[in-house]
Structures are given as C-alpha cells and as structure tokens.
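**Student:** This is the structure I have questions about; it appears just below.
Please treat every number below as a calculation from the coordinates, not as lab data. All of these numbers come straight from a predicted model, not from anything done at the bench. Because the Cβ atoms are built from the backbone with ideal geometry, glycine has one as well, and the counts that use them run over all protein chains shown.
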Amino acid sequence: MIGINTAIILPAQGICFAIPSNTATFVAGQLMKDGRIRRGHLGVGGQDVPLPVRLIRFYRLPVERGILVISIEDDNPAQRAGVLEGDIIVGYNGQPVAGIDALHRLLTEQQVGIPAPLTVIRGHEKLTLTIVPEDSRSGEAE
C-alpha cells in the first residue's frame, strides 16, 4: 500500500488526494493507544512566504521560504518566547523550516515541554529565541 485516499473530485477526472501509508499507520497506532494524536503547539498563526534572496545569501539560510507570523495567541509559547507579528520563522530545534507543513512535522509529541531554539527573521536581523511547545490540547476542555 502506498497511501489512503482522503478525498476524490469526480468531475475532475477522478483526481484523488491521499495521505501516505506510513502517516496512516502512525495515526491509527496513536488513536488506538491514546485515543487522540498529541502534537506540539506554539500559538502562532502564519502563512508561507518567500524570503528575499539577499537575506538568504547574507545569513546563508538553507531555506528559500519561511512562515510569516500573522497572529499570536495570548498566553501561549510564542508570546512567552518573544515572537512578534511580522517575524518570519525559518528554523526550529536546529532544523530548517520552509513552511507550515515542515514545522508541523517537527512539532511531535516528543517536543512538548522541551525548550528548543526557534530561528526567526525580524526585519533584517536573524534571531534565535527559546520556545517551549505545549500540548496542542492544553487549555481545552476534555
């Protein structure tokens, strides 16, 4: 098995969207074990953006894109770490982050409660902030 279909668009010649089988296996195992998927949460809203070439070259960044922080939730890890709206996230825990999907892959349950460096571009300055991800469900009623 390669993947599992999650959506099919019949009028578009049967185009399908699928998730990889290894992702499905991981999710099924977590649901059977814990009844939910535990993920790390930073408390930011963002969008993928291209980085200026001059910035990439100056800081020798391994990515050409980052995550523009467009909102920060109150009393969450990003706010406590000093992340500001307008910052561009380009790294987490020593790994390059070229977009939201890349950051989600890094925010595993093992990251919850563990301080990690968050690399951001603020204006023309590269900063490293220390952030402590929370459980994505902390604060929610259970």
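**Student:** May I ask you to work out the translational diffusion coefficient for the stretch 40-135 at 25 °C, viscosity 0.890 mPa s, via Stokes-Einstein with Rh from the Kirkwood sum over Cα pairs, reported in whole µm²/s?
**Tutor:** 188
**Student:** Let me ask you something else. Once phi is turned into θ = phi - 60°, what whole-Hz ³J(HN,Hα) does the Karplus curve with 6.51, -1.76 and 1.60 give for every residue of the stretch 95-106, x standing for Gly and Pro?
**Tutor:** With the stated coefficients, the stretch 95-106 comes to 10, x, 10, 9, x, 4, 4, 5, 5, 4, 5, 7 Hz.
**Student:** For Tyr59, what is the net charge nearby, where nearby means another residue's Cβ is under 10 Å from its Cβ and Lys, Arg count +1, Asp, Glu -1?
**Tutor:** Summing Lys/Arg as +1 and Asp/Glu as -1 gives +3.
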